[in-house]
Each structure stands twice: as structure tokens, then as C-alpha cells.
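Rule-based calculations on the coordinates, nothing more; no lab input. A quick note: this is a predicted structure, and the numbers were derived from the prediction, not measured. Methodologically, a virtual Cβ is constructed for each residue, glycine included, from the backbone with ideal geometry; neighbour enumeration extends over all protein chains shown.
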Amino acid sequence: MRILITGGAGFIGSHLCDRFLADGDDVLAVDNLLTGSAANLQHLESQPRFRLLTHDITTPLSLADPVDYVLHFASPASPIDYLRFPLETMKVGSLGTLNALELARAKGAKFLIASTSEVYGDPEVHPQPESYWGHVNPIGPRSVYDEAKRFAEALTMAYYRYYRLDTRIIRIFNTYGPRMRLNDGRAVPTFIGQALRGEPLTVYGEGSQTRSFCYVDDLVEGIRRVMGQEEMHDPINLGNPDERTILEIANKILASFGAPSSRIEFRPLPVDDPKQRRPDIHLARTRLGWSPAVSLDEGLRKTIAWFRQHAIKA
Ligand code: UDP
């Protein structure tokens with residue numbers, strides 16, 4: 001297949017590029033490098049089946065080359081990033097999604113959009129099944145991301161219903177692994193960076209809020225399976241249901257560095273920070289035969305090992 005991926009230079013995008021090339025596909029990564037980095041793709045430069053095009057998908061893209069699959073992964077995606085780039089985030093979720101859908105339509109390609117567990121907001125239903133409509137503050141600081149992704153889902157469904165474009169929507173829950181940016185503000189890389197520097201780990205609130213962290217290789221496998229499905233137009237959750245408190249994650253990371261748990265500093269909880277989050281992956285289990293295979297301990301070990309090697313560059 002000839003696969004075009006927006007956001008190909010980002011954390012998840014670059015892992016997808018690796019996977020598609022390994023599977024024998026041709027890959028065109030499209031990225032404006034706002035929060036992604038060409039360094040994530042440097043190791044692919046000599047691959048004849050790979051190309052990186054620096055382009056902002058919020059402006060239309062026309063290409064001479066044929067494309068079989070468009071994956072739309074471009075967006076600032078960590079709270080710090082989308083608070084720093086609120087308008088860019090809203091534009092890439094709206095105009096960017098429109099342009100990516102138009103590209104897929106022009107090429108007769110299939111389309112997959114990376115949506116997010118943020119569409120559930122601070123959920124009142126736990127764990128979150130795809131049928132839950134969410135509990136989102138439409139004007140809070142996180143709304144630039146949450147509502148952009150909700151709009152992107154609606155637009156994708158409109159293209160499916162109106163044009164019969166072959167679309168898929170995945171809702172990605174917290175994911176971690178190599179190539180996250182140490183300064184992207186997310187819990188896992190922030191804690192690892194702090195531990196590497198011998199600083200206290202900054203836990204927001206009392207650390208009793210929960211998240212369920214999925215190792216990136218598991219997510220990539222899930223995405224591959226969604227791509228291979230016939231008729232999967234309704235959203236599907238991809239994530240790891242292994243739910244932990246943030247304090248537990250901080251303590252695990254400290255323990256991997258042999259540091260005492262006193263090395264934690266509590267800070268105020270950000271506005272609208274979801275109290276709990278865990279995917280209901282019943283649909284992914286039954287339709288895709290997929291569930292995460294990498295345990296939290298193993299994933300953290302691999303991630304920490306990568307950061308130890310790359311921390312200076314990150
Ligand atoms: N968090 C924290 N300390 C940090 C960064 C994040 O306690 O230095 C918390 C944050 O408040 C949230 C959880 O960790 O409750 C996960 O945050 P992240 O930014 O990784 O993802 P999201 O909030 O989008 O799930």
C-alpha cells in the first residue's frame with residue numbers, strides 16, 4: 001500500500017512509519033514539524049520507500065502520486081502543547097481534518113483519523129465504552145483539543161455518510177514509549193526526565209487521579225488491525241485497561257531509578273484534569289482480536305532505557 005500519514009514525524013506517527021515500512025508499504029509522512037521532529041524519522045532517510053514532506057495540512061495538499069490510505073495523526077496532543085498552540089490545535093482538528101479527508105476522497109483512498117479519549121472529557125461513566133457521549137467542558141482550557149477532535153469525528157462521519165468515503169475513527173488513550181519529548185508535559189516523560197536529572201517528581205493534585213497507559217508498540221498493532229478491517233466506521237477505543245493512579249506511576253519510575261518515594265513534590269491540579277480514565281476495549285478485543293501485550297513494568301523499562309540513551313538530545 002501507499003500510505004500517507006499526517007503527523008508522521010510525531011511520537012505515534014513515527015512509530016507507524018517504522019511499522020508500515022517494515023510491513024512492505026510505501027510511506028509519505030506529512031508534517032509541519034510544529035511539535036513533531038525530523039529527528040524521529042532520521043533513521044528512515046535512506047529508505048527508498050519513505051519520504052517526509054514538510055507541509056502544514058491546514059492548507060490543502062494536492063499530490064500527483066497515488067495514495068491508498070490516508071492517516072490523519074497531525075495535532076499537538078499533550079496538554080502543554082495544545083495550551084501553547086490553541087489555535088493551531090483547533091485548525092488542524094478542523095481544517096486539517098477537512099484537507100486530509102478531501103485528499104483521501106480525491107485519491108479514492110481509505111481514511112483513518114486519530115481521535116482521543118479526550119472526547120470523553122472528565123467521564124461520568126467508567127470505564128469508557130465507545131457508546132458514551134462524554135462529559136466535556138466546551139470552553140475550558142482543554143476544549144481546544146477536545147472539541148477539535150469531537151468536530152474531527154463528526155466531519156469524518158459526515159464524509160462517510162455523505163460521500164461513502166471508507167473511514168475509520170480510533171480513540172487513542174494515554175500512550176507512552178520512546179520518542180516522546182521530555183518537555184511535552186505528559187506525566188511519563190516528565191517524570192522520567194525529572195528522575196534522570198535527580199529532581200523531585202511533580203505530581204499534580206494528590207496523584208489519586210487515574211490513567212491507563214498503553215505501550216506504543218501495542219497501539220501500533222491495534223491501528224494496523226483497524227486498518228485491515230472491512231466496514232469499521234464507528235469509533236473504536238485503543239488503549240490499555242490497566243488503570244493506575246498517577247502517584248503509583250511516579251513511584252514506579254522513582255523505584256526504577258532506585259530513588260526514594262520522598263522525591264515527590266505535589267503541585268496544584270490543572271483545570272478540568274480528568275479524575276479517572278480507562279478504556280473499555282471490549283470492541284477491540286472482539287472485532288480485532290486485539291489487546292495490549294506489554295505490561296506497564298516492561299514498557300516503562302524500555303522507555304526509560306531509551307530516554308537514558310537519548311536524554312541529551314531530547
Ligand atoms: N501529571 C502530573 N505531573 C506532571 C504531568 C502530569 O501529575 O508533571 C498528571 C496530570 O495532571 C494528569 C495525568 O498526570 O492527571 C496524566 O497527564 P498527561 O499530561 O500525561 O495526560 P492527560 O492528562 O492528557 O491524560
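Just a few scattered comments:
- Alpha-carbon Debye profile of segment 244-294, log10 I(q)/I(0) at 0.28, 0.29 Å⁻¹: -1.06, -1.10
- Exposed trypsin sites (Lys or Arg not before Pro) absent: longest stretch of the chain, with sites in DSSP loops and at most 15 other Cβ within 10 Å deemed exposed: 50-163
- Beta bridges assigned by DSSP with both partners in the chain are antiparallel in approximately 10 percent of cases.
- Prolate/oblate/rounded label for segment 1-158 (Cα gyration tensor, a/c 1.5): prolate
- Segment 93-202 - Kirkwood radius from inverse mean 1/r over Cα pairs (Å): 16.0 Å
- With the gyration tensor restricted to C-alpha atoms of the chain, the semi-axes of the equivalent ellipsoid amount to 30, 22, 18 Å, longest first.
- In summary, the lysines within cross-link reach of LYS110, defined as a Cα separation below 26 angstrom excluding same-chain residues under 8 places away, comprise LYS91, LYS149.
- Equivalent-ellipsoid semi-axes for segment 183-302 (Cα gyration tensor, √(5λ), whole Å, largest first): 31, 16, 11.
- Amide H to amide H distances under 5 Å link LEU112 with VAL70, LEU71, HIS72, ARG168, where only residues 5 or more positions off or on other chains count and H is placed in the peptide plane.
- Mean silhouette area of segment 4-54, derived from the convex hull of its C-alpha atoms and averaged over all directions, reads 2.9 nm².
- When the helices of the chain are scored as -39500 (n - 2.57) per DSSP H run of n ≥ 4 and the total is divided over every residue, the value at 222 nm lands at -11500 deg cm²/dmol.
- Taking all Cα pairs closer than 8 Å and separated by 6 or more residues, the relative contact order of segment 88-233 comes to 25 percent.
- Evaluated over segment 30-69, the Cα radius of gyration and Dmax, each in Å: 11.5, 28
- 3J(HN,Hα) couplings calculated from phi for segment 56-67 with the Karplus curve 6.51 cos²θ - 1.76 cosθ + 1.60 (θ = phi - 60°) are, in sequence order, 8, 5, 6, 10, x, 10, 10, 10, 7, 5, x, 9 Hz; Gly and Pro show x.
- The chain - percent relative contact order, Cα under 8 Å, separation 6 or more: 17 percent
- Alpha-carbon centroid distance for the pair segment 140-185 / segment 259-313, whole angstrom: 19 Å
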